[in-house]
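In what follows, a single structure is set out as structure tokens and then discussed.
The values are calculated or read from the model by the stated rules, or taken from the named source; none is laboratory data. These figures come from a predicted structure and were not determined experimentally. Quick reminder, even Gly has a Cβ in these numbers, built from the backbone with ideal geometry, and neighbours come from all protein chains shown. To get the accessible areas, we keep the full protein, side chains included, count just its heavy atoms, and leave off ligands, DNA and RNA. Shrake-Rupley method; radii C 1.70, N 1.55, O 1.52, S 1.80 Å.
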Amino acid sequence: MARPQTKDELIVAANTQFDKLKELLESIPSAKREANFPPAFADCRPEAHWQRDKTCKDIIVHLYEWQRLWLNWVSANLDGEKRPFLPDPYTWKNYAGMNEEFTAKHRNTSYDEALELLSSSHDDILARVQTFSNEELFTKKQFSFTGTTSLGSYAVSATSSHYEWAIKKIRQYKKFL
């Protein structure tokens, strides 16, 4: 799927990928969907997220927390509070620790609760996206807080692109089963 360049494309892509993610999750037997990944699965790739995410729930809460980052970042900056996308002390060079914190924060969150949280944040992002024009979303440097990129690019990253990452990982888990 091509990267969205308009508000309508962003909304369609986000909804399409979100629906694919939910369908994929539902295609996995619930016992396997809620179980820990086998150690051999976690060891199949070198990227840190393969060791970090131990269950489908971990992937879901990861998506949810990144969507909350986007929502909080947009709200704060539009309300006049200059805030970077990543909270202190994190930067784009060291945010792996933040991802670990997200996993730990949701240790006691159930799979069903995680899916409800993600569904809610998905709806919240799309509702917020609706409040912007195409120009506001996809003009680079439209808002000072987005730096050299566009607000829409961040929204795509927090929705459809992130869903695609999750889909690929969960598909691999399903094949592994």
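Quick look at the numbers
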read-out	value
Odd one out for N72, checked against (1) farther than 30 Å from F143 by Cα; (2) assigned to a helix (DSSP H, G or I)	(1)
Residue, surrounded by the most Cβ atoms within 10 Å (Cβ to Cβ), within region 121-160, restricted to residues that are of a type in the set (S, T, N, Q) and assigned to a loop (DSSP other than H, G, I, E, B)	T159
Tally, over region 33-47, of residues that are loosely packed, with under 13 Cβ neighbours inside 10 Å, touching a helix residue (DSSP H, G or I) at 6+ places or on another chain (Cβ under 9 Å) and among the charged types (D, E, K, R)	2
Subset of region 71-96 (residues that are open to solvent by 90 Å² or more (accessible area, probe 1.4 Å) and touching a residue at least 12 places away in the same chain (Cβ under 8 Å))	K82
Odd one out for R3, checked against (1) modelled with pLDDT under 95; (2) surrounded by fewer than 20 Cβ atoms within 10 Å (Cβ to Cβ); (3) within 27 Å of N108 (Cβ to Cβ)	(3)
Test: residue in region 4-19 that is among the β-branched types (V, I, T), in a helix (DSSP H, G or I) and touching a helix residue (DSSP H, G or I) at 6+ places or on another chain (Cβ under 7 Å)	yes
Some residue of region 168-175 being surrounded by 14 or more Cβ atoms within 10 Å (Cβ to Cβ), over 25 Å from E23 (Cα atoms), touching a residue at least 12 places away in the same chain (Cβ under 8 Å) and within 17 Å of the chain's Cα centre (by Cα)	no
Residues being free of Cβ contacts under 8 Å to residues at least 40 places away in the same chain and touching an Asp or Glu at 6+ places or on another chain (Cβ under 9 Å) - total across region 97-111	2
Criterion violated by E164 - all others in (1) under 19 Å from R52 (Cβ atoms); (2) modelled with pLDDT under 95; (3) of a type in the set (D, E, K, R) satisfied	(2)
The one condition in (1) open to solvent by 30 Å² or more (accessible area, probe 1.4 Å); (2) more than 20 Å from S150 (Cα to Cα); (3) of a type in the set (V, I, T); (4) not in a helix (DSSP H, G or I) that I28 fails to fulfil	(1)
Candidate set from region 105-120 (those that are open to solvent by 60 Å² or more (accessible area, probe 1.4 Å) and farther than 18 Å from N72 by Cβ); member that is farthest from the chain's Cα centre (by Cα)	N108
